[in-house]
Amino acid sequence: MEKKPDRRTLKTRKALRNGLAELLAEKELRKITVQEISDKADVNRVTFYKHCLDIYDLYDQLEKEILTELGLIMLKYQEKPSEGFDKELVDYIEQNVVIFRMIFSPHATGELKAKFSRMIEGLYRMLLTEKYNAKINDSRIDYFCTYHTQGVIAILEKWVLDNFTQQKTFIIETISMLDNHNAALFAEHYPGEPPDP
């Protein structure tokens with residue numbers, strides 16, 4: 001049976017990941033050194049290598065953790081109204097400011113942002129196909145979900161890059177308005193079953 005990491009180990013891992021995320025908001029991954037990450041995390045190089053093979057391994061750990069946490073949030077979407085999901089997603093971003101500054105940074109490769117977008121798009125596609133009893137590869141749903149997802153991502157990205165100047169409630173309401181408008185637009189033009197009242 002695998003031993004669970006203790007609190008100190010978890011704290012060190014988080015510090016290393018946050019240190020990398022902070023640096024990625026400022027410069028490209030290939031230009032970051034182990035020493036810079038160690039300094040940000042306030043650990044020595046030996047400690048760095050106890051937790052990861054190299055910078056790329058640390059990045060992979062960071063990406064996997066973020067995508068897992070986002071995936072768990074999105075799984076709850078089926079059990080909640082849209083506003084519940086919007087709030088939970090915005091709360092998660094607010095609790096992980098450093099990570100999302102990295103994701104939306106102009107220095108980032110865009111890979112993590114693209115994976116984040118695909119997760120949201122896949123969720124919207126699944127929900128629409130279930131609601132309208134349509135095929136998941138339906139072209140209209142495909143294009144609609146891309147449009148919807150890019151709108152939500154753009155709002156979140158602007159909020160993060162504007163340094164969270166707008167209140168969280170404003171962002172949730174704005175995404176909810178987009179959700180409602182897009183749902184009405186799709187229901188009006190989609191030839192399938194009408195949405196539930």
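Couple of notes before you dig in:
- So THR68, is it assigned to a helix (DSSP H, G or I), at pLDDT 90 or above and loosely packed, with under 12 Cβ neighbours inside 10 Å: yes
- Condition check for ASP162: within 18 Å of ILE99 (Cβ to Cβ), without any contact (Cβ under 8 Å) to a residue 24 or more places away in the chain and of a type in the set (D, E, K, R): yes
- Residue that is at pLDDT 90 or above, loosely packed, with under 14 Cβ neighbours inside 10 Å and charged (D, E, K, R), where the choices are ASP196, ASP162: ASP162
- Residues of the stretch 112-138 that are assigned to a helix (DSSP H, G or I), at pLDDT below 85, farther than 10 Å from THR149 by Cβ and not β-branched (Val, Ile, Thr): MET126, LEU127, LEU128, GLU130, LYS131, TYR132.
- Criterion violated by ARG118 - all others in (1) crowded, with 16+ Cβ neighbours inside 10 Å; (2) within 30 Å of LYS64 (Cβ to Cβ); (3) free of Cβ contacts under 8 Å to residues at least 24 places away in the same chain satisfied: (1)
- Candidates PHE85, PHE48, filtered to the one that is over 22 Å from the mean Cα position of the chain (by Cα) and part of a helix (DSSP H, G or I): PHE48
- Residue check for ASP6: modelled with pLDDT under 90 and either among the hydrophobic types (A, V, I, L, M, F, W, C) or touching an Asp or Glu at 6+ places or on another chain (Cβ under 9 Å) (or both): no
- Identity of the residue in the stretch 71-111, surrounded by 13 or more Cβ atoms within 10 Å (Cβ to Cβ) and acidic (Asp, Glu), that ends up modelled with the lowest pLDDT: GLU83
Listed here are the residues, each with its yes/no results for (1) touching a helix residue (DSSP H, G or I) at 6+ places or on another chain (Cβ under 8 Å); (2) surrounded by 12 or more Cβ atoms within 10 Å (Cβ to Cβ); (3) touching a residue at least 12 places away in the same chain (Cβ under 8 Å).
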| position | (1), (2), (3) |
| --- | --- |
| GLY19 | yes, yes, yes |
| GLU26 | no, yes, yes |
| SER38 | yes, yes, yes |
| ASN44 | yes, yes, no |
| PHE48 | yes, yes, yes |
| CYS52 | yes, yes, yes |
| ILE55 | yes, yes, yes |
| LEU62 | yes, yes, yes |
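The values are calculated or read from the model by the stated rules, or taken from the named source; none is laboratory data. If you're wondering where the values come from, they're calculated on a predicted model, not measured in any experiment. All Cβ positions, glycine included, derive from the backbone under ideal geometry; neighbour counts span all protein chains shown.
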